[in-house]
């Protein structure tokens, strides 16, 4: 063995190499994911049920989408905007009565049992169709799931069901859970609802109530070399202001779903090491909507609804309430939807004089105190923005002589007041557009929905023409014809105003710049994060 | 020395009186200076204070005038504070007098009820009451009074217990006055001074409780309140701290002013008593 000698030259060479090695990752190797590490993420709520097959909501997906996977995930550049997950291909029959899924080979559940078509059949028939909040509508005609072999599942529908709808529903509605865990006992009470078992890149490790959720790496994951992270910790930080300071203190590396208040983004984007990212939520568009109780005789009058629409300054709402992180809405389909959106609908410019004239025409003239009539206004408490818009709407209505009395409730009381008791005149709601109007949008307008179904038409609105249009679209198989029908639907809704669409917004992530592969699909925050990595 | 002169000799009493006077002036002049709706949108959002002299204290997240909100908020705070204290004192004095004067079973029952109310933290009681009944100004006043009447009740009872043994009470009995008449016309007025001494503490606590309820979103949403202003400012605490600081300082000064003035009154009364 030769003795190591330290010369000036070797030190220089060595330090040059060191310099180069620190500079290189940011230039050439930035795309090569690094293995290992623990990602700490802010979580603002602790869902009681973590089973995404039963509760298809973003709060649940945020955690459980890493554990339980759907048949396909949304994608920026994949065919039909989809990327295969548990299914590798999907094909709809021409008559709309069946859809055939080819499933991925060699996939294992976290407990080691193999994943087969029986699991898909069980999830579809026993959970998505009867129990899931969204699946109840989309899979209502699903009759049977044939499993000719272990890797093929054929969905059979009793009535023609548009393949376009099924395809659009794949990312959010088709989380597959293991049959062998759920087949005994009541599905709603299964312990796996709180400690999910799936096929995803991360396994559920533990949940300390009020503190954190911990997910650990699934070594048997089907994705090659994936996942890159060893662990994901969801740090429970219910207070919104604390997420920003936790990021600055490097206690957490990621705050998704606008956990950092919009007003803080400008400041935090200047903090070195932190990035503000607006991408990665394209398929999760929230809509700011004024829900209307048509049982009130004043509001049953179209002229009054038009007056309210004219009284709302949508640009002001986008600029002030959302600080520019939103877009004004024209109708029930958001502008950023690539398939269905049409701008060719009746619009309502901000015009207080016109609104006042419409109300006079409708026969509601101003009384001695300058007021026409009084309304109860219930802003949904889920977001700061919905509450602030409530404050704004009260002022906008005051300008046209409508006296709106705000009623504040907590989440549970709000849902009961609006969707069960109908104890409201106007409500501010944030429904979600999920890539297809038939999933969660037409339900906001359709009549005949039983009391108590949240985020549905509980305003007593009934329009036979619109109901017929919705029914027709739900059976139209040709995607082009179906899209046309939904364009017609948007026009009719904008004309008759069963509700008033004000703005559309998505979320913002704030992330440390050491986190790689962020926001690389339109549902990133609620996708599986198998390719997410940490640079150091 | 007249009581007023004595009152004005204590510096803290003067400070308290000045703050209180300013507060009442604010509350009374609010509709003069800002006749419209204080929640109307008046300018660009998040305007910092002292930038635009038509909006001297700046604007909040929606562009509402902070000064207008502050002045109208003073009305709400004072109204709730005074109404809640009046209700608590009235209920407390009546319960205390009845218990003390009647004695026996009535005393036992009323005092055990008082005990029960005293064991529940008054803020929790208010919180539960408002979230069940629903927030509005009247409900908030009732909720605060619900937790505050026990103190006056105990003090009133103690006073009544000593007063009812005095000769004039026996005299009233002899001339055949109805016991209730004796209790409320002869005994209660004499028992009142120490009970009223509690009022400053109760008003101050009521204003704080109202602010805390509003901060938690349980105030009347159709009125401006300082607690509600602080809660709204909290979301932008790092970017626009003045939105929380301004109503916060107003709240501190108000409570301090009431407390100091109350102390001054008690002090004056004590001196007078020891002089007599």
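From the list B:189, B:241, exactly one residue is within 14 Å of another protein chain (Cβ to nearest Cβ) and free of Cβ contacts under 8 Å to residues at least 12 places away in the same chain. Which is it?
B:241
Considering only residues that are surrounded by fewer than 23 Cβ atoms within 10 Å (Cβ to Cβ) and outside the structural domain of residue A:128 (by the TED database), look in the range A:59-95 and name the one that is farthest from residue A:217 (Cα to Cα).
Of everything passing the filter in the range A:59-95, A:59 is farthest from residue A:217 (Cα to Cα).
Being touching a residue at least 12 places away in the same chain (Cβ under 8 Å), surrounded by 19 or more Cβ atoms within 10 Å (Cβ to Cβ) and either outside any helix (DSSP H, G or I) or within 14 Å of chain A (Cβ to nearest Cβ) (or both) is true for just one of B:195, B:224. Which residue is that?
B:224
Which is over 24 Å from residue B:42 (Cα atoms) and crowded, with 18+ Cβ neighbours inside 10 Å, of A:318, A:333?
On the way: A:318 fails: over 24 Å from residue B:42 (Cα atoms).
Within the list A:318, A:333, the selection yields A:333.
Conditions first: (1) more than 14 Å from chain B (Cβ to nearest Cβ); (2) crowded, with 19+ Cβ neighbours inside 10 Å; (3) assigned to a loop (DSSP other than H, G, I, E, B). Residue A:359 passes all but one, so which condition is the exception?
So the condition that residue A:359 fails would be (3).
Would you please name the residue that is modelled with the lowest pLDDT, looking only at residues in the range A:391-416 that are in contact with a strand residue (DSSP E or B) (Cβ under 8 Å, 6 or more places away or on another chain) and more than 8 Å from chain B (Cβ to nearest Cβ)?
Taking the candidates together, the pick is A:409.
Out of all the residues in the range A:173-197, which are farther than 21 Å from residue A:112 by Cβ and at pLDDT 90 or above?
Result: A:173, A:174.
When you go through (1) more than 14 Å from every other protein chain (Cβ to nearest Cβ); (2) out of contact with any helix residue (DSSP H, G or I) (no Cβ under 7 Å at 6 or more places or on another chain) one by one for residue A:263, which number turns out not to apply?
(1)
Quick check: anything in the range B:6-21 free of Cβ contacts under 8 Å to residues at least 24 places away in the same chain, surrounded by fewer than 15 Cβ atoms within 10 Å (Cβ to Cβ) and within 29 Å of residue A:369 (Cα to Cα)?
Scanning the range B:6-21 turns up no residue that is free of Cβ contacts under 8 Å to residues at least 24 places away in the same chain, surrounded by fewer than 15 Cβ atoms within 10 Å (Cβ to Cβ) and within 29 Å of residue A:369 (Cα to Cα).
Quick test for you: out of A:386, A:442, pick the one residue that is modelled with pLDDT of 90 or more, more than 14 Å from every other protein chain (Cβ to nearest Cβ) and at negative phi.
A:442
Looking at the range B:139-151, can you tell me whether even one residue there is out of contact with any strand residue (DSSP E or B) (no Cβ under 9 Å at 6 or more places or on another chain), surrounded by fewer than 17 Cβ atoms within 10 Å (Cβ to Cβ) and either on the phi > 0 side of the Ramachandran plot or not in a helix (DSSP H, G or I) (or both)? Spell out how you get there, then give the answer.
Just the residues of the range B:139-151 that are out of contact with any strand residue (DSSP E or B) (no Cβ under 9 Å at 6 or more places or on another chain), to begin with: B:139-151.
When the remaining residues are screened for being surrounded by fewer than 17 Cβ atoms within 10 Å (Cβ to Cβ), the result is none.
No, the conditions are met nowhere in the range B:139-151.
Which number in (1) within 14 Å of another protein chain (Cβ to nearest Cβ); (2) in contact (Cβ under 8 Å) with a residue 24 or more places away in the chain; (3) not in a loop (DSSP other than H, G, I, E, B) marks the one condition that residue A:489 misses?
(1)
For the range A:201-229, what are the residues that are closer than 11 Å to residue A:530 by Cα and in contact with a strand residue (DSSP E or B) (Cβ under 9 Å, 6 or more places away or on another chain)?
A:201, A:202, A:217, A:218, A:221, A:222, A:227, A:228, A:229
How many of the residues in the range A:460-493 are closer than 29 Å to residue A:307 by Cβ and in contact with a helix residue (DSSP H, G or I) (Cβ under 9 Å, 6 or more places away or on another chain)?
The qualifying residues number 12.
Would you say residue A:366 is under 24 Å from residue B:223 (Cα atoms), surrounded by fewer than 16 Cβ atoms within 10 Å (Cβ to Cβ) and away from chain B (no Cβ under 14 Å)?
So residue A:366 fits the description; yes.
All but one of (1) farther than 24 Å from residue A:242 by Cβ; (2) in contact (Cβ under 8 Å) with a residue 12 or more places away in the chain hold for residue A:66; which doesn't?
With respect to (1) farther than 24 Å from residue A:242 by Cβ; (2) in contact (Cβ under 8 Å) with a residue 12 or more places away in the chain, residue A:66 is out only on (1).
Return the residues of the range B:27-47 that are more than 14 Å from chain A (Cβ to nearest Cβ) and buried (at least 19 other Cβ atoms within 10 Å of the Cβ); say none if nothing qualifies.
B:30, the sole residue that qualifies.
Does residue B:234 fit the bill of being within 21 Å of residue A:395 (Cα to Cα), surrounded by fewer than 24 Cβ atoms within 10 Å (Cβ to Cβ) and either in contact with a helix residue (DSSP H, G or I) (Cβ under 8 Å, 6 or more places away or on another chain) or modelled with pLDDT of 90 or more (or both)?
Values: within 21 Å of residue A:395 (Cα to Cα): no; surrounded by fewer than 24 Cβ atoms within 10 Å (Cβ to Cβ): yes; either in contact with a helix residue (DSSP H, G or I) (Cβ under 8 Å, 6 or more places away or on another chain) or modelled with pLDDT of 90 or more (or both): yes.
In short, no.
Report, by residue number, each residue of the range A:246-262 that is out of contact with any strand residue (DSSP E or B) (no Cβ under 9 Å at 6 or more places or on another chain) and more than 20 Å from residue A:383 (Cα to Cα). Step through it out loud before you land on a result.
If we filter the range A:246-262 for residues that are out of contact with any strand residue (DSSP E or B) (no Cβ under 9 Å at 6 or more places or on another chain), which is where we start, we get A:249, A:261-262.
Once the filter is applied, which keeps residues that are out of contact with any strand residue (DSSP E or B) (no Cβ under 9 Å at 6 or more places or on another chain) and more than 20 Å from residue A:383 (Cα to Cα), the range A:246-262 yields only A:249.
If residue B:213 passes every condition in (1) touching a residue at least 60 places away in the same chain (Cβ under 8 Å); (2) under 15 Å from the mean Cα position of the chain (by Cα); (3) more than 12 Å from every other protein chain (Cβ to nearest Cβ) but one, which one does it miss?
Going through the list (1) touching a residue at least 60 places away in the same chain (Cβ under 8 Å); (2) under 15 Å from the mean Cα position of the chain (by Cα); (3) more than 12 Å from every other protein chain (Cβ to nearest Cβ), residue B:213 breaks only (3).
May I ask you to verify whether residue A:232 is touching a strand residue (DSSP E or B) at 6+ places or on another chain (Cβ under 8 Å) and more than 14 Å from every other protein chain (Cβ to nearest Cβ)? Steps first, please.
On the way: touching a strand residue (DSSP E or B) at 6+ places or on another chain (Cβ under 8 Å): yes; more than 14 Å from every other protein chain (Cβ to nearest Cβ): yes.
Yes; evaluated as a whole, the condition is true for this residue.
Looking only at the range B:48-71, count how many residues are in contact (Cβ under 8 Å) with a residue 24 or more places away in the chain, farther than 17 Å from residue B:250 by Cβ and buried (at least 21 other Cβ atoms within 10 Å of the Cβ).
1
Among the residues of the range A:235-246, which ones are surrounded by 15 or more Cβ atoms within 10 Å (Cβ to Cβ) and either more than 20 Å from residue A:534 (Cα to Cα) or within 12 Å of another protein chain (Cβ to nearest Cβ) (or both)?
A:236, A:237, A:240, A:241, A:242, A:243, A:244, A:245
Out of all the residues in the range B:98-112, is one or more outside any helix (DSSP H, G or I), within 30 Å of residue B:193 (Cβ to Cβ) and either at pLDDT 90 or above or within 14 Å of another protein chain (Cβ to nearest Cβ) (or both)?
No, because not a single residue in the range B:98-112 is outside any helix (DSSP H, G or I), within 30 Å of residue B:193 (Cβ to Cβ) and either at pLDDT 90 or above or within 14 Å of another protein chain (Cβ to nearest Cβ) (or both).
Just name the residue that is farthest from the chain's Cα centre (by Cα) out of those in the range A:140-155 that are surrounded by 15 or more Cβ atoms within 10 Å (Cβ to Cβ) and farther than 18 Å from residue A:85 by Cβ.
Step by step, filter the range A:140-155, then rank; the result is A:147.
(1) more than 14 Å from chain B (Cβ to nearest Cβ); (2) in a helix (DSSP H, G or I); (3) surrounded by 21 or more Cβ atoms within 10 Å (Cβ to Cβ): which one isn't true of residue A:303, the others all being true?
(3)
Please list, ordered by residue number, the helices (runs of 4 or more DSSP H) wholly in the range A:39-139 having 3 or more residues that are in contact with a strand residue (DSSP E or B) (Cβ under 9 Å, 6 or more places away or on another chain).
Passing ranges, in order: A:58-64, A:117-122.
The values are calculated or read from the model by the stated rules, or taken from the named source; none is laboratory data. Because the structure is predicted, anything quoted here is derived from the model rather than measured. Cβ: placed from backbone, ideal geometry, glycine included. Neighbour counts: every protein chain shown.
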